[in-house]
Amino acid sequence: MPASPSTARAINDRLALRLLQQEGPLTAGQLKQLTGLSRPTVADLVDRLTAAGLITVVGESGEQRRGPNARLYGIVADRAHLAALDVRTEGVFVLVSDLVGRVLAEASAPIGGSTGTGPAVEQAVAAVESAAKEAAAMGAPPREGVPAWGRLHTVGIGAPGLIDPATGDLRDSAGLPAWHRSLAAALQDRLPGARITVENETNLAALAEQREGAARDRDTFVLLWLGHGVGAAVVLDGTLRRGASGGTGEIGFLPVPGTGALPSATDCDGGFHSLAGAAAVVSLAAECGLPAPGPADGPGAAVAVRAALAQVSGEPVPATSSPAHRFLNTLADRIAVGAASVVAVLDPGCVVLGGEAGHAGGAVLAGLVEERLRRMSPLPTEVRASGLGGGAVLRGALLTARERAQDELFAPPGRQVRA
């Protein structure tokens, strides 16, 4: 059954908007070529989208060309702002962008472990408001009666822990600060016009790696997160898999040899976390005789890995040699134990080492892990280093926020949920 004229227009409009989002400003002729639509149809949709305030003329194509056919049309990027949050045990990082992904403002709020839930939430919300106000100040003044953060359309939050697939809420998790679970509701109260979404941090990192990082050519892969803690995200046939309870990839609880204990339902000590979490990586560096790398968190683990790589100077890493060689080989042994378990069950063909430590290890650590996987598993598996590192969570949160905002803002003219 052919689409109705209104449905066809909506499909064409959305296609054109997506192309402008992906490719940047285009002329009507370029839109015609990329969409395959007729010239009159493209002219109509350009007029519709311009009248709706979704696109505008941003320049001309080529110095020698003039007139309507040379006009470059682009997304009205400042129509709405987006916020992305990376929520960690020790604080929160925030960035605010426009609709085309241009970062307008950044903020952070370190939050100590002894800070109460109320004060911690207040610090985190204040960081979001500060970044939103800074971003708003870069554009036209808000309308009378609209707060300074009034352009903030969608907030994407990446947090450790399980996300309830039925409600989208962060579930109660042992070992994580209570303020994590209160943050989304507090933001909704303070930013009543904004849409708030919460997703597991490793899942967001995988989405970012798939769109912009090491897995851009892969529809099926596993991201192994090596940061403050460990986790995994599973993408199969282009779709992120969350599991029945939202717990797909909770690899920190995986029982593994070499820890001397077993994890429990409320504590991952004794699981893979005890082999490859930041504290374990920092401790291993000290055991191998490397200089103390710093705090036992994601950045501290990355410092240890980079220091070891600097000592080997890019040379092949032998089985035994210097403290740096011993550290890198032992770390690769540990990572391979967890990776082999994932490979045996899912056969993803590709494992991306993400997080601060995975990114810091680069091609050298990825190569060492891949070599061990070849010995441990009959399933061919490529191991790659993250292209985004610890920043993947913020990128994934921003991409998720942008998609949700576009679903509403790029609706057919006249049906936008919020201007």
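Does the range 385-399 hold any residues that are among the hydrophobic types (A, V, I, L, M, F, W, C) and either in a helix (DSSP H, G or I) or open to solvent by less than 10 Å² (accessible area, probe 1.4 Å) (or both), and which are they? Within the range 385-399, 392, 393, 394, 397, 398, 399 meet the criteria.
Yes/no per residue for (1) β-branched (Val, Ile, Thr); (2) modelled with pLDDT under 90; (3) in contact with a strand residue (DSSP E or B) (Cβ under 7 Å, 6 or more places away or on another chain):
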position	(1), (2), (3)
287	no, no, no
293	no, yes, no
296	no, yes, no
303	yes, no, no
309	no, no, no
317	yes, yes, no
325	no, no, no
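Among the criteria (1) free of Cβ contacts under 8 Å to residues at least 40 places away in the same chain; (2) more than 15 Å from residue 191 (Cβ to Cβ); (3) crowded, with 22+ Cβ neighbours inside 10 Å; (4) not basic (Lys, Arg), the one residue 94 does not fulfil is (2). Can you name the number of the only condition in (1) out of contact with any strand residue (DSSP E or B) (no Cβ under 7 Å at 6 or more places or on another chain); (2) at pLDDT 90 or above; (3) surrounded by fewer than 21 Cβ atoms within 10 Å (Cβ to Cβ) that residue 121 fails? So the condition that residue 121 fails would be (3). Candidates are the residues of the range 1-35 that are assigned to a loop (DSSP other than H, G, I, E, B) and among the hydroxyl-bearing types (Ser, Thr, Tyr); the one that is farthest from residue 101 (Cα to Cα) is 4. Checked against (1) at pLDDT below 90; (2) more than 30 Å from residue 12 (Cβ to Cβ), residue 54 meets all criteria but (2). Just one residue in the set 279, 261 is assigned to a helix (DSSP H, G or I), surrounded by fewer than 20 Cβ atoms within 10 Å (Cβ to Cβ) and over 22 Å from the mean Cα position of the chain (by Cα); that residue is 279. In the condition set (1) touching a residue at least 12 places away in the same chain (Cβ under 8 Å); (2) in a helix (DSSP H, G or I), residue 40 is compliant with all but (1). The residues on offer are 371, 382, and the sole one that is open to solvent by 10 Å² or more (accessible area, probe 1.4 Å) and in contact with a Cys (Cβ under 6 Å, 6 or more places away or on another chain) is 382. Are any of the residues in the range 69-90 under 20 Å from the mean Cα position of the chain (by Cα) and hydroxyl-bearing (Ser, Thr, Tyr)? Yes, there is a match, as at least one residue in the range 69-90 is under 20 Å from the mean Cα position of the chain (by Cα) and hydroxyl-bearing (Ser, Thr, Tyr). Pairs linking a residue in the range 256-283 that is within 15 Å of residue 337 (Cα to Cα) and touching a residue at least 12 places away in the same chain (Cβ under 8 Å) to a residue that is of a type in the set (Phe, Trp, Tyr) and open to solvent by less than 30 Å² (accessible area, probe 1.4 Å), with Cβ atoms under 7 Å and 6 or more positions apart or on different chains, are 256/272. Being open to solvent by 90 Å² or more (accessible area, probe 1.4 Å) and over 20 Å from residue 405 (Cβ atoms) is the filter here, so list the residues in the range 97-112 that pass it. If the condition is that a residue be open to solvent by 90 Å² or more (accessible area, probe 1.4 Å) and over 20 Å from residue 405 (Cβ atoms), then 110 is the only one that fits. Can we say residue 287 is within 24 Å of the chain's Cα centre (by Cα) and open to solvent by 40 Å² or more (accessible area, probe 1.4 Å)? Criteria not met by residue 287.
Taking the range 73-103 as the range and being modelled with pLDDT of 90 or more and among the aliphatic types (A, V, I, L, M) as the test, the residues that pass are 82, 83, 84, 85, 87, 92, 94, 95, 96, 103. Taking the criterion of being closer than 20 Å to residue 209 by Cα, touching a helix residue (DSSP H, G or I) at 6+ places or on another chain (Cβ under 9 Å) and among the hydroxyl-bearing types (Ser, Thr, Tyr), the only residue of the range 239-268 that qualifies is 248.
The values are calculated or read from the model by the stated rules, or taken from the named source; none is laboratory data. All figures in this text were calculated on a predicted structure; none of them were measured in a lab. In this analysis, Cβ positions are derived from the backbone assuming ideal geometry, glycine residues included, and neighbour counts consider all displayed protein chains. We work out accessible area using only protein heavy atoms, side chains counted, and drop any ligands, DNA or RNA first. Shrake-Rupley method; radii C 1.70, N 1.55, O 1.52, S 1.80 Å.
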